[in-house]
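Novice: I have a structure here, written as structure tokens, and I will follow up with some questions on it.
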Amino acid sequence: MRFTFVTAMLASLVMAAPAVRRDLDGARGAYGAIAGSANDAALVANTNTFFANLNGVASSDDINQSVKQVSDQISANHKDKVPTQLTAAWVSSVLNKYVA
């Protein structure tokens, strides 16, 4: 149940993000941390940080679509006990378009 709450926070992040302009450099830093996530909770936290920094850099519709896609996949992989490193690699591949 706790993990579900954390992933729900991920899904709502873009909607509740402050109006403060974030920067692409911060998103790139968080992107690098995603691949090194030690467990699913760290992966969610690193992904939250990535999206928080990305707010204002990319279109809201595109970000919202990615948030939903990533949140759904992390939740499914957590339920199926997929190793965190495989999930992190998948998340990195989806988010690469924002930092490439």
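The values are calculated or read from the model by the stated rules, or taken from the named source; none is laboratory data. Keep in mind that this is a model prediction, so the values were computed, not measured. Note: areas computed on protein heavy atoms with side chains; ligands, DNA, RNA excluded. Shrake-Rupley method; radii C 1.70, N 1.55, O 1.52, S 1.80 Å.
Novice: Go through 42, 35 for me and flag whichever is open to solvent by 20 Å² or more (accessible area, probe 1.4 Å), farther than 18 Å from residue 24 by Cα and not basic (Lys, Arg).
Specialist: On the way: 35 fails: farther than 18 Å from residue 24 by Cα.
From the options 42, 35, the qualifying one is 42.
Novice: Turning to a different aspect of this structure: Return a yes/no flag: does segment 55-64 have any residue that is in a helix (DSSP H, G or I), modelled with pLDDT of 90 or more and open to solvent by less than 40 Å² (accessible area, probe 1.4 Å).
Specialist: No, every residue in segment 55-64 fails to be in a helix (DSSP H, G or I), modelled with pLDDT of 90 or more and open to solvent by less than 40 Å² (accessible area, probe 1.4 Å).
Novice: Against the definition (at pLDDT 95 or above, assigned to a helix (DSSP H, G or I) and open to solvent by less than 50 Å² (accessible area, probe 1.4 Å)), how does residue 88 come out, yes or no?
Specialist: Considered against the rule, which asks whether it is at pLDDT 95 or above, assigned to a helix (DSSP H, G or I) and open to solvent by less than 50 Å² (accessible area, probe 1.4 Å), residue 88 comes out as yes.
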